Amino acid sequence: MEKKDQLVCVCNEIYRSAIENAIVKDGCRTLEDIQSKTSAGTVCGGCIDEIVYILKETIRDKNL
Ligand code: FES
């Protein structure tokens, strides 16, 4: 079954899959990397905790 994508950054309409791709494919390893690559978390900042969580989780789960 296909995993449902999740809207993480409402301000810039950035989905979880885009953040994961930035980490896995583009080598982003910090919040700042993800902000400059995807623009997620660059407006109100309300999604930053979620981005940091996804970052840690993805790095751990994929042994990056
Ligand atoms: S929800 Fe991501 S910057 Fe506002």
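Among residues of region 37-61 that are in contact (Cβ under 8 Å) with a residue 12 or more places away in the chain, those with a beta-carbon under 6 Å from a residue that is part of a helix (DSSP H, G or I) and of a type in the set (Asp, Glu) at least six positions away or on a different chain give the pairs THR58/GLU20.
Among the conditions (1) under 16 Å from ASN63 (Cα atoms); (2) among the basic types (Lys, Arg); (3) touching a helix residue (DSSP H, G or I) at 6+ places or on another chain (Cβ under 9 Å), LYS37 misses just one, which is (1). In region 1-34, of all residues being polar (S, T, N, Q) and part of a helix (DSSP H, G or I), the one that is nearest to LYS62 (Cα to Cα) corresponds to ASN21.
With respect to the conditions (1) modelled with pLDDT of 95 or more; (2) away from the ligand (no atom under 16 Å from the Cβ), LEU64 lacks only one, and its number is (1).
One residue stands out in region 8-28 among those that are of a type in the set (Val, Ile, Thr) and within 12 Å of the ligand (Cβ to nearest atom): the one that is nearest to the chain's Cα centre (by Cα), namely ILE19.
Only one entry in ILE54, ILE59 is touching an Asp or Glu at 6+ places or on another chain (Cβ under 8 Å) and part of a helix (DSSP H, G or I), namely ILE54.
Looking only at residues in region 35-44 that are part of a loop (DSSP other than H, G, I, E, B) and surrounded by 12 or more Cβ atoms within 10 Å (Cβ to Cβ), the one that is nearest to the chain's Cα centre (by Cα) is ALA40.
The values are calculated or read from the model by the stated rules, or taken from the named source; none is laboratory data. No experiment lies behind these values; they were computed from the predicted model shown. Neighbour counts run over all protein chains shown; Cβ positions are idealised from the backbone, glycine included.
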